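First the structure, in the form of structure tokens, and then the observations on it.
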Amino acid sequence: MASLWALRGGSEVPAVLPWRETGLLATPTIKGYSHSVDLKHKRIGVLMGGLSPEREVSLRSGRNVYEALVRLGYRAQSFVLDHPDQIIPALSQIDIAFLCLHGGIGEDGTLQALLEILEIPYIGSGVLACALAMNKLYAKRIFLSQQLPTAPWVEYAGEPWPDWQERITESLGFPCVVKPVREGSSIGVHIVHTAEELIPACQATQSNFGEFFVERFIPGKEITAGILRIDGEDRALPLIELRPRREFYDYIAKYTPGECEFIIPAELDAETTARVQQLALQAHKALECFGFSRVDLRVTPQNEPYLLEVNTLPGMTNTSDLPKAAAAMGISFDELVERMLLTAIEKQSVISPS
């Protein structure tokens, strides 16, 4: 088994928690750690719902994850959150948090920070990574700082609308894409084809979601790359090419059966496939994500990839991309859920060895 080694206190510690081939998570036997964990006896809380626009997707993800954990024999409990006041009572009943709260405080680092304070292990990326990934502008700036290609963009600075229209026309041209800074699932996204369409699209996004920016439209293929921790390393899964039956891969195309064709593996040549997988993994690491994520990209007709965004809590619905990518690698939904669960303990062990 390949290992990822972390340097802590002058000694090397393997950041891998092996499980038995039976599917039961083993008691960790890692040099440098005195504690032992049998996750079969831990209370696993699946948190779902919330108040973000992605609530319905969260509920579908949460139900699927909860059912998988029950099938696997875990002490799973499901918590449908309808108000922030319910969070602390829910957390008081669990040992590990399996987060299925897409968008809002469940994915932007807020809940992750609370879990850190309460010392409750949780799956996936930490506070900083979640905050950076949720803010598309912060993420894009980091991509540029790492010389990772991302679609050019312009951030709205509050200027009069005619001046804004002129700036976009000169700097990006049309078509272009209006996006809210902090939403997921393509919520609030508009493809703008003409200068006349720009201001109404921007006003609608601003009215509903606040801060927004405009990005150059990248022609070509819509590609998504799942990242999953396997044998102690975060690795890129087989690429998925998305062919929506709508103008683009919007909320309806993402979560309505039959509204999008999923091509697995994506129809890219071997060299481009390898380059896109590497770029996705670089983006995941640039934001300091951990364990799993989903990276969205566009690939031009000239096979040039451009990063769009990174999602730290990908959907786990019947139409979601990460489970499909895992399945293409021979990883069942239940095994995917178990691997995601393991990241809660592995991340804790890497950061806080005894």
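Some points to look at:
- Scanning the range 153-163 for residues that are loosely packed, with under 15 Cβ neighbours inside 10 Å and over 14 Å from Gln206 (Cβ atoms) yields Pro162, Asp163.
- Among residues of the range 97-124, those that are within 17 Å of Asp296 (Cα to Cα) and modelled with pLDDT of 95 or more, counted: 0
- Search result, residues across the range 219-271 that are assigned to a loop (DSSP other than H, G, I, E, B), of a type in the set (Asp, Glu) and at pLDDT 95 or above: Glu267, Asp269
- Filter pass, Glu183 being surrounded by 15 or more Cβ atoms within 10 Å (Cβ to Cβ) and acidic (Asp, Glu): yes
- Qualifying residue in the range 321-340 (condition: in a strand (DSSP E or B), hydrophobic (A, V, I, L, M, F, W, C) and in contact (Cβ under 8 Å) with a residue 60 or more places away in the chain): no
The values are calculated or read from the model by the stated rules, or taken from the named source; none is laboratory data. All values reported here derive from a predicted model rather than from experimental measurement. Cβ atoms come from the backbone with ideal geometry, glycine included; neighbour counts cover every protein chain shown.
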